[in-house]
Amino acid sequence: MHDAVHPRGRQQKRARKASSPVGVAALALGVLAGIGGFLDTGGVITAVSAGARFDFALLWTVVFGLVGFSVFAEMSGRVAVSSSQPTYEVIRTRLGPRLGAIPLVANVVVHVLVLAVDLIGMSLALQLLTGVPYRVWVPIVAVALASALWFLSFSKVDTAAALAGLTMLVMIAAMAALAPDWQRVGISLVHPQLKASYSIPTYLFATASLVGSFMTPYQFDFYSSGAIEEGWTGRDLRKNRIVAVIGTIVGAALTLAVMGAGAKALYPYAHAVDSIKAAAAPAVKAFGEIGFVVFVIGVFSVSLAACVELCLSGGYGVAQYFGWEWGKSGSPRSAPMFNAIILIMIAVAAVIDLSGIDPIQFAVITMAFGAAALPFTFGPLLLVANDRQFMGKLRNTLPINIVAGIVLTVLAAITIATIPLLVITGGNF
């Protein structure tokens, strides 16, 4: 295990913190990764749609996401903490530049597509709150996001976005107010109850979209790089485990509430949930107009949290791979290429949003493609985490490898099935 300061990130030149209990900044990092991982515009739409079309039959995917996310988040944090080196530099070093470029390219493409989904989600939320068309809001939101990421430090962006994302707690209250059969909810978490009327291809496509919305790769790049930004060392491995688990539980609980409330308020729903307004139905049924407003603010907030993660994660990945300065702890001039990548990603995502795409269908399809790209990140990460020479005593244990192997196998199956399911279902469920 190495505690040496890595020379390429100016943010790492800060004095390392002594071993300490889990603090606000660390919890914010984990909560933001967890919320951004499970819930954003695509995650909300997909979760409500899943409940509306399949009742509680897809709740088990939240458990799968909880286990998979927490295991790989802890693993990515441990790899970063054990070496004081960022994820993509480690992957490039251990796999070589050619193989290391595969997960980088796959992830950057997914990052930009998901960023486009979340920019349009914030814009649609503002349209519902103000009546101004979302296409007017897209460039405004893009400029505001770019300005915040340019001028604000990592800790401020991290903590503010995590707190904003907690507005989606309204869905936990909505699910409680709608009073589902809690025994059936509990059973569905471990044993999906399929009905003869369900279309199996549609059910499988919904599964792929949900898993993609839960575990898109950017959270892990963001989490591991954020750990280095916060100055974590080998003495913070316990903190890493606690934060990874707490953040994941928060994200999973919110997603479970969104899906469960969607099932209770809308099932059986014959049409696609084709707007944020339609997705707000559970909150409206529980709390009326106030529920609608808080829900829309919540969608805006979790989408903002995801945008922060996506932009930073994309900048981290590219800059780390090429050995450029990176990080938000210094001024933008201290890491010019890192910040330039962020601005380019925002600009490309805004252009996609203004091209006339169907925002909701685009969100669902992007979530499925996100799932298809996951093995390209998790495979290399699992290899590095088992590298005896690199990780030493901190390499994966057998139980972690068993769980990670099962998760990776499921993700590989989703990768193979995504395109055929997309063709069969037309990208809808």
Name the pairs whose Cβ atoms lie under 8 Å apart, with the first residue in the stretch 159-187 and farther than 23 Å from L149 by Cα, the second in a loop (DSSP other than H, G, I, E, B) and at pLDDT 90 or above, and 6 or more positions between them or separate chains? P180/F56; R184/F56; V185/F56; V185/L59
Within the stretch 355-369, does at least one residue satisfy the condition of being within 30 Å of I45 (Cβ to Cβ), buried (at least 19 other Cβ atoms within 10 Å of the Cβ) and either free of Cβ contacts under 8 Å to residues at least 60 places away in the same chain or of a type outside the set (A, V, I, L, M, F, W, C) (or both)? yes
Helices (runs of 4 or more DSSP H) contained in the stretch 353-429 and holding at least 1 residues at pLDDT below 80 and out of contact with any Ser or Thr (no Cβ under 6 Å at 6 or more places or on another chain): 359-385, 388-391
Answer from A125, A161, A142, A106 - the residue that is modelled with pLDDT under 90 and crowded, with 23+ Cβ neighbours inside 10 Å: A161
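Looking at A319, A347, which one is over 28 Å from V44 (Cα atoms), of a type in the set (A, V, I, L, M, F, W, C) and in contact with a helix residue (DSSP H, G or I) (Cβ under 9 Å, 6 or more places away or on another chain)?
Working: A347 fails: over 28 Å from V44 (Cα atoms).
Every option except A319 fails the conditions.
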So L210 clears everything in (1) surrounded by 15 or more Cβ atoms within 10 Å (Cβ to Cβ); (2) at pLDDT 90 or above except one condition, right? Which one? (2)
For the stretch 402-425, pairs from a residue that is free of Cβ contacts under 8 Å to residues at least 40 places away in the same chain to a residue that is β-branched (V, I, T) and surrounded by 19 or more Cβ atoms within 10 Å (Cβ to Cβ), with Cβ under 8 Å and 6 or more apart or across chains, are none
Residues satisfying the stated conditions in the stretch 380-402, i.e. closer than 16 Å to S70 by Cα and within 20 Å of the chain's Cα centre (by Cα): L381, L382
Hey, could you check the stretch 258-274 for residues that are surrounded by fewer than 24 Cβ atoms within 10 Å (Cβ to Cβ) and touching a helix residue (DSSP H, G or I) at 6+ places or on another chain (Cβ under 7 Å) and say which is farthest from W60 (Cα to Cα)? D274
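The values are calculated or read from the model by the stated rules, or taken from the named source; none is laboratory data. The model shown is predicted, which means the values in this text are computed figures rather than measured ones. Note that each Cβ is placed from the backbone with ideal geometry, even for glycine, and that neighbours are counted across all protein chains shown.
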